[in-house]
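What follows is a short report on a single structure.
The values are calculated or read from the model by the stated rules, or taken from the named source; none is laboratory data. Keep in mind that this is a model prediction, so the values were computed, not measured. With ideal geometry, Cβ positions are generated from the backbone for all residues, glycine too; neighbour counts draw on all protein chains shown. To get the accessible areas, we keep the full protein, side chains included, count just its heavy atoms, and leave off ligands, DNA and RNA. Shrake-Rupley method; radii C 1.70, N 1.55, O 1.52, S 1.80 Å.
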Amino acid sequence: MIEIENITKHFGNKAVIQNVNFKVEKGETVGLYGQTGAGKTTLIRVLTAYMFPSSGKLTILGYNILSHSHEIRRRVGYLPQGVSLYGDMTVENYLTFVARLHRVNDRHRRVCQVIEEFQLSRHTKTLIGKLPLDLHRRVGLAQAVVFNPEILILDQPTAGLAPDQIMEIYQFIKPLTNQYTVFLSTHTWCDVEQFCDRVLMMDKGRIVGEKRLKMSQRRVEPRKVAEPGAISILAEALSISINPIFR
Amino acid sequence: MNALVVAKREFETFLVSPTAYLIGAFFLFITGIVFSFNVVAHHQATLSPVFEVAGITLIFFIPILMNHLLVREFQRGTLELLMTSPVALWEIVLGKFLAAFLFLVVMVAPTIAYLFILIYFGQPDLPVALVGYLGLFLFGGLLISIVVMSSAMCTNRLTAVILSVALAAFLWLIGRLGAVFNGSVGAILTYLSSQYHFLDFVVGVLTISNITYFVSMIVAILYLTTHILKIRL
């Protein structure tokens with residue numbers, strides 16, 4: 001579903017992503033794990049066609065990102081980091097707006113469905129700007145799936161949330177991993193344990209390791225929040241082979 | 001077309017903005033004073049002075065009212081979600097323009113009452129008034145396109161206002177430079193002046209050249225805005 005070959009992204013002379021290669025198969029939930037500044041968000045922005053790569057080849061659902069970005073955007077649901085939504089719109093109006101942009105058939109029914117799914121029924125007429133962070137994140141998830149995307153991309157879905165809010169948001173993300181092909185970035189190992197079949201480790205703009213997680217490693221309850229920046233230690237614990245220069 | 005979806009959302013934000021109502025009321029207050037003065041003092045059944053003052057007023061009011069159009073998308077980070085939806089850049093730019101233009105129509109619409117008053121008490125030249133309205137909307141469209149472009153270039157709203165007013169005033173006054181230069185340079189500068197074309201509409205002169213000027217300027221500026229956004233992203 002996602003095929004990345006030698007993707008590099010430069011900002012000026014600085015390479016933020018360097019020679020990234022990986023594939024994501026249909027139905028998989030793949031995590032992108034790395035500390036802040038590793039290049040996760042830039043890679044996610046390239047995957048969602050918000051930015052274009054400086055070089056390399058990126059194909060999503062058979063569409064090349066450079067020539068068919070519109071088709072990709074039509075089929076990929078996205079929850080950005082920090083989830084900036086229109087604070088001056090009500091929850092219902094915003095979800096209808098997104099559904100309209102994606103030309104969803106039977107819009108009203110689908111919007112009601114996601115409102116129910118993400119338990120937002122009591123807040124449909126509330127302005128998004130007045131919602132607490134956890135509900136705001138739920139609206140973000142709802143807008144990402146309101147048009148039934150084929151791939152769901154989540155950029156740090158638990159960032160900034162309190163532990164109890166993280167537990168709560170897990171309950172909403174978990175079913176999505178069974179319905180969609182999911183690619184999520186995180187600097188919290190707990191997120192990886194919760195959802196991912198496979199994890200890619202990112203550091204300084206490169207993929208430095210990959211690990212397939214056993215089902216037993218996917219837990220129901222969150223246990224801990226990993227220290228960001230502990231890639232080498234974590235990799236050792238997981239017996240991942242990492243290029244020595246990144247240790 | 002997704003430009004209409006964007007326009008609808010943006011237009012709704014105008015309808016809930018206190019600033020929009022305040023500026024709209026102030027606009028009607030100023031045009032109302034000019035209309036009353038013209039009728040009472042000069043006994044003229046014409047809206048031409050109203051259109052002229054309205055045009056000058058819009059040079060300031062439109063940037064103050066509409067500077068947020070793209071700046072706020074950048075400031076709040078909402079452009080990211082919009083840009084990862086199946087919406088083309090030109091649709092975003094056109095959507096913003098259409099919303100602002102529709103609000104301009106709403107803002108100017110109550111001045112129709114002046115025309116009805118003139119019809120009731122006198123014999124105004126209706127075609128001249130209609131051409132004046134057309135000119136006001138075309139000039140307003142030009143100002144809106146300038147504001148959309150400025151808001152795509154700036155990182156904060158104040159800068160966008162200053163840049164918009166500066167550009168609009170420059171286009172308004174550039175015709176004065178045309179009088180300084182002789183020959184083709186002077187003619188080009190005069191042709192580029194929005195004032196030169198707008199004042200024709202105000203006095204009821206309808207020409208293809210004037211319509212072409214405004215429409216082509218609007219299209220060119222919106223096209224440029226799309227490219228500015230592309231570069232900025």
Practice task
Hey, could you check the stretch B:79-112 for residues that are aromatic (Phe, Trp, Tyr) and more than 21 Å from B:Phe29 (Cα to Cα) and say which is farthest from the other protein chains (Cβ to nearest Cβ)?
Solution key: B:Phe97
Exercise for the section: State all residues of the stretch A:86-115 that are at the interface with chain B (Cβ under 8 Å from one of its Cβ atoms), assigned to a loop (DSSP other than H, G, I, E, B) and either buried (at least 20 other Cβ atoms within 10 Å of the Cβ) or among the polar types (S, T, N, Q) (or both); if no residue qualifies, say none. Expected result: A:Tyr86, A:Met89, A:His102
Practice task
Considering only the stretch B:142-233, give the helices (runs of 4 or more DSSP H) lying wholly within it that have at least 1 residues that are in contact with a Cys (Cβ under 9 Å, 6 or more places away or on another chain).
Solution key: B:157-180
Handout entry: Residue count for the stretch B:60-87, restricted to those that are outside any helix (DSSP H, G or I) and under 24 Å from B:Phe170 (Cβ atoms)
Key = 1
Completion exercise
In the stretch A:10-41, residues that are part of a loop (DSSP other than H, G, I, E, B) and within 25 Å of A:Glu193 (Cα to Cα) total 10
Practice task
Identify, by number, the condition in (1) among the polar types (S, T, N, Q); (2) within 18 Å of the chain's Cα centre (by Cα); (3) over 21 Å from A:Glu150 (Cβ atoms) that A:Thr59 doesn't meet.
Solution key: (3)
Fill in the blank from the handout: A careful count of residues in the stretch A:55-65 that are open to solvent by 20 Å² or more (accessible area, probe 1.4 Å) and either more than 14 Å from every other protein chain (Cβ to nearest Cβ) or within 13 Å of B:Ser85 (Cα to Cα) (or both) gives 6
Practice task
Given the conditions (1) touching a Phe, Trp or Tyr at 6+ places or on another chain (Cβ under 7 Å); (2) surrounded by fewer than 19 Cβ atoms within 10 Å (Cβ to Cβ); (3) not hydroxyl-bearing (Ser, Thr, Tyr), report the number of the one that B:Trp90 does not fulfil.
Solution key: (1)
Exercise for the section: For residues that are of a type outside the set (Lys, Arg) and more than 19 Å from the chain's Cα centre (by Cα), scanning just the stretch B:7-31, find the one that is nearest to the other protein chains (Cβ to nearest Cβ). Expected result: B:Val16
Problem - Matching residues, the stretch A:19-35, being more than 15 Å from the chain's Cα centre (by Cα) and crowded, with 19+ Cβ neighbours inside 10 Å - result: A:Val20
Practice task
Among the residues of the stretch B:18-59, write down those that are assigned to a helix (DSSP H, G or I), in contact with a Gly (Cβ under 7 Å, 6 or more places away or on another chain) and among the hydrophobic types (A, V, I, L, M, F, W, C).
Solution key: B:Phe51, B:Leu58
Exercise for the section: Restrict the check to the stretch A:36-43 and report whether at least one residue is more than 15 Å from the chain's Cα centre (by Cα) and within 13 Å of chain B (Cβ to nearest Cβ). Expected result: no
Practice task
Scan B:Ile56, B:Ile33, B:Ile117, B:Ile64 and give me the residue that is open to solvent by 20 Å² or more (accessible area, probe 1.4 Å) and under 21 Å from B:Leu158 (Cβ atoms).
Solution key: B:Ile64
Handout entry: Test: residue in the stretch A:158-175 that is within 14 Å of another protein chain (Cβ to nearest Cβ), closer than 24 Å to A:Met89 by Cα and surrounded by fewer than 23 Cβ atoms within 10 Å (Cβ to Cβ)
Key = yes
Completion exercise
Exactly one of A:Ile7, A:Ile44 is touching a Gly at 6+ places or on another chain (Cβ under 8 Å), crowded, with 18+ Cβ neighbours inside 10 Å and not in a loop (DSSP other than H, G, I, E, B), and that residue is A:Ile7
Problem - Number of the condition not met by B:Leu134 [criteria: (1) open to solvent by 10 Å² or more (accessible area, probe 1.4 Å); (2) in contact with a helix residue (DSSP H, G or I) (Cβ under 9 Å, 6 or more places away or on another chain); (3) under 30 Å from A:His68 (Cβ atoms)] - result: (3)
Practice task
Among what's in the stretch A:67-84 and is in a loop (DSSP other than H, G, I, E, B) and more than 7 Å from chain B (Cβ to nearest Cβ), pick the residue that is nearest to B:Ala7 (Cα to Cα).
Solution key: A:Val83
Completion exercise
Only unsatisfied item for A:Ala159, checking (1) out of contact with any Pro (no Cβ under 7 Å at 6 or more places or on another chain); (2) at pLDDT 90 or above, is (2)
